[in-house]
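Down below is the structure, laid out as structure tokens.
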Amino acid sequence: MPLRFITQRLQFQRLLSSPIGKTAVIYPMAFLGGLAGGMAVLGMVFFADDRLRATPAQVGMVAAVWSVFYVIGCFLLRPLATRLHPRHSLLAATSLLAVTVYAICLAPTLLWAGLFYAVFGLSVALFWPPIMGWLAAGIEGPRLGRALGWFSLSWSSGSILGQGLAGWLSDVNTVLPLAVSATIYLSAACLILGAILTMPHLAKDAPAQDSEPAGGAAAPRSLAVAGWVGAFAVFISLGVIMNVFPIAAKNQLGFSRSLVGVIQLFRVLAYSICLGGFGWLKFWHYRRQPMMISLALTAMLCAGLIPARSAWQFMALAAGLGTMMAFAYSNSIFHGASSVGGNAARRAWQMAIHEGVVSGGVIMGSVAGGLIYGSVNAMAAYTMCAAMALLGLLAQALIFRRFGQS
């Protein structure tokens, strides 16, 4: 009996020390991070509009605050994130996020809400780049694509549920999405604390540990840069869809908040499914043509938003844009991570660049889209999205013409 117990314990320890043990922490945390983040970001739009009486331009600017400070945090907090083990970084991030989102619920003015939202953005920077660098350390090619695909499916499926719930909860009370989001972040902090206490083998995955990438060839640097350009251009439309469209749809088209949430759900559902699918497909690995075609399709879909009036039209266009966002995101994260060695710290830095680029696009879409909507109309904001996608396509063509795929 003692021998059987020892054998079972050794088998359990070997399981925890395998890669499955690491992903058993990473994937659930990604789901909870997507769930809470989706609720907080969309909930903040309705909270600022309803409770704080913000104008459309102010809603766009407040929505961009967290993205701006997230980009700043990705780069300024890099030394801290490098010294911390990813599990400790996740614990600090989720604890801070719970506190700041609870504080936003109690904010008496738009200024205070914006200040807390800035801290929210800095806290998110301690969550996503470290967890992605931790996951991607030591793998390459199809193995890297599959790992990132499962990771993206985890957080995006959480985001699906989060944004759908945010629209429904906002119809009840605009504080509810933020309050529930904060509670989820608090639960995630408790879960990662439990993993730290019960899974000591995770300490072996040092944040700066060198490892040889396995599973395929590295990507040319030009593909990484072109992927970042494409992601920036495509995610401008996300800033408009998340922060301008909800207000325009409610005020000009008479859509309810719950219907806006359903339309966003179509986008996030397509985004989530395609992120998982692109993780398993290989046709786009190390190729420039699919990357460029996706930007042309993005421009067409953004142009399609201009004449759209019915909810079904917006659902179809939102799903199409979600697919293009998933492809741009996959290109950026895969070719960025694959363009350096298997060192976890270097890959975390590439992930920080990727997250900064994606967030930069969202920032531009939120601010410029809000200003254009406030001074002209929503159709002008959609036109801006289409134009930026075409400019991104032109920039990619110039990159490949100058540097090829080297």
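The values are calculated or read from the model by the stated rules, or taken from the named source; none is laboratory data. Everything numeric here is computed off the predicted structure, so don't read it as measured data. We place every Cβ from the backbone using ideal geometry, glycine too, and count neighbours over all the protein chains shown. With ligands, DNA and RNA removed, areas are computed over all heavy atoms of the protein, side chains included. Shrake-Rupley method; radii C 1.70, N 1.55, O 1.52, S 1.80 Å.
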Diffing region 173-188: the Karplus 3J(HN,Hα) column from phi (6.51, -1.76, 1.60, θ = phi - 60°), in whole Hz with x for Gly and Pro, holds 6, 6, 7, 4, x, 5, 5, 5, 4, 4, 5, 5, 4, 5, 5, 5
Ordering F116, F245 by the accessible surface of their heavy atoms, 1.4 Å probe, largest first, yields F116, F245
Quick calc, region 222-349, dipole around Cα centre from Cβ unit charges on Lys, Arg (+) and Asp, Glu (-), nearest 20 debye, gives 120 debye
Heavy-atom accessible area of F403, protein chains in place, probe 1.4 angstrom, given in Å² to nearest 10, is 110 Å²
Per the Cα gyration tensor, region 58-107 corresponds to an equivalent ellipsoid with semi-axes, largest first in Å, of 23, 16, 6
Per residue convex hull volume, Cα only, region 14-127, in Å³ is 92 Å³
